[in-house]
Amino acid sequence: MDAVYVVKRDVHNDELRYSLRSLAAHVAHDNVWLAGFRPPWTVGVHHIDVAQDDTKYRNSTANLRAACEHPDVSDPFLLMNDDFFVMHPVAGPPMLHRGPVSVVVDYYRRRYGPSRQYLRGMVATSDLLHRLGIPDPLSYELHLPIVIHKAPMLAALTLGADIPVLHKRTLYGNLSGAGGDFSHDVKVRTVHDQWDPSWPFLSTSRPTFHRAPVGHHIRAVFDAPGPYETAPAELVEMAG
């Protein structure tokens with residue numbers, strides 16, 4: 001099975017570097033594909049060039065669609081983000097969900113207020129699922145790898161094309177009847193968020209990756225360069 005990253009435009013993208021190291025260390029996979037932007041330091045990966053000239057949400061949707069439509073990407077494939085880190089060996093990514101979307105909506109309203117763009121997309125995706133006959137949909141918006149089958153994901157992207165902040169994983173998971181087991185999210189957004197080194201997966205925000213203990217832990221675990229990178233520019237200069 002191939003691993004597909006949807007990648008924003010970021011020349012350095014240290015999170016992607018360490019995510020690729022974690023993938024190489026702990027996940028059996030075939031090819032690695034970067035859909036969207038390809039940082040110049042990557043090697044040994046395939047690239048699907050997609051313009052990154054819209055919102056981050058629409059860009060990620062376009063990247064995912066391009067991966068699903070590419071004939072050389074395996075079907076199914078493992079969907080990764082650049083802020084996903086596989087901390088321990090896994091036999092295969094489990095299918096996991098966050099529980100009912102309604103519960104997740106309540107959580108986001110309490111934590112962030114009703115005006116958050118991401119929350120509006122969550123509600124719009126849930127409303128679409130209601131109209132499609134799924135009265136109590138599950139949320140699959142976890143910061144974890146997920147196995148994607150191309151045809152149902154393309155169907156989901158088409159049905160949700162009018163939603164600016166489409167919750168793609170949630171629409172896909174419910175329409176495909178993915179089921180799965182409950183999991184808390186592993187995203188560490190702030191220094192106050194709880195996390196545990198024993199977790200098989202971790203995810204960070206940019207500030208927590210660079211400045212919080214969770215980021216120090218990830219960089220310490222994967223301190224050796226992996227097969228999908230050249231040396232960072234500063235190391236090349238030092239060696240010269």
(message) Accessible area per residue for the chain in Å², computed with a 1.4 Å probe and the full protein assembly in place, what is it?
(response) 47
(request) For region 46-166, give the magnitude of the charge dipole about the Cα centre (Cβ charges: +1 Lys/Arg, -1 Asp/Glu; no others), in debye to the nearest 20. (result) 540
(request) Note the listed values [x] 18.5; [y] 19.1; [z] 20.9, then indicate which one is Kirkwood radius over Cα pairs in Å calculated from this particular structure. (result) [x]
(message) To the nearest 20 Debye, how big is the dipole of the chain about its Cα centre, given +1 on the beta carbon of each Lys and Arg and -1 on that of each Asp and Glu?
(response) 760
(request) Evaluate region 81-120: find the radius of gyration of its Cα atoms, find its Kirkwood radius, and give the ratio Rg to Rh. (result) 1.13
(request) State the answer as a single residue: which of 190, 179, 222 lies farthest towards the positive end of the charge dipole of region 120-240, with beta carbon charges of +1 for Lys and Arg and -1 for Asp and Glu, about the Cα centre. (result) 179
(request) Select from 50, 90, 186 the residue whose mean-square fluctuation is largest in a Gaussian network model of the chain (Cα-Cα springs shorter than 10 Å). (result) 90
(message) Explain nothing, just the number: dipole magnitude of region 1-81 about its Cα centre with +1 on each Lys and Arg Cβ and -1 on each Asp and Glu Cβ, in debye rounded to the nearest 20.
(response) 260
(message) Rounded to the nearest percent, how much of the accessible area of region 1-107 (1.4 Å probe, protein heavy atoms only) is carbon and sulfur?
(response) 52
(message) Need one number: nm distance between label points at residue 54 and residue 147, each 7 Å from Cα along Cα→Cβ, rounded to one decimal.
(response) 2.9
(message) Which residues among region 165-206 fall inside the zone where the amide N is under 20 Å from a point 7 Å beyond the Cα of residue 88, along Cα→Cβ?
(response) 181-188, 194-204
(request) Could you work out which residue, out of 45, 86, 191, moves most in a Gaussian network model of the chain, that is, has the largest mean-square fluctuation with Cα springs under 10 Å? (result) 191
(request) Quick one: which residues, 5 or more positions from residue 48 or on another chain, have an amide H under 5 Å from its amide H? H modelled 1.01 Å from N in the peptide plane, none for Pro or chain starts. (result) 34, 35, 36
(message) Viscosity 1.002 mPa s, temperature 20 °C: give me the Stokes-Einstein translational D for region 43-112 in µm²/s, with Rh taken as the Kirkwood radius over C-alpha pairs.
(response) 138
(request) Towards the positive end of the charge dipole of the chain, with charges on Cβ (+1 Lys, Arg; -1 Asp, Glu), say which of 170, 137, 212 has the farthest Cα. (result) 137
(request) Note down the relative contact order for the chain as a percent, whole number, built from C-alpha pairs under 8 angstrom at least six residues apart. (result) 24
(message) To make sure I understand the rule: partners must be lysines, Cα under 19 Å from the Cα of residue 150, and not fewer than 8 residues away in the same chain. Which ones qualify?
(response) 168
(request) Express in nm, to one decimal, how much length is gained between residue 102 and residue 158 on full extension, taking 0.36 nm for each residue of separation and deducting their alpha carbon distance. (result) 17.8 nm
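The values are calculated or read from the model by the stated rules, or taken from the named source; none is laboratory data. As the structure is a computational prediction, the values presented were derived from the model and not from experiment. Don't worry about glycine lacking a Cβ; one is built from the backbone with ideal geometry, like all the others, and counts go over all protein chains shown. These accessible areas exclude ligands, DNA and RNA; they are computed on the full protein's heavy atoms, side chains included. Shrake-Rupley method; radii C 1.70, N 1.55, O 1.52, S 1.80 Å.
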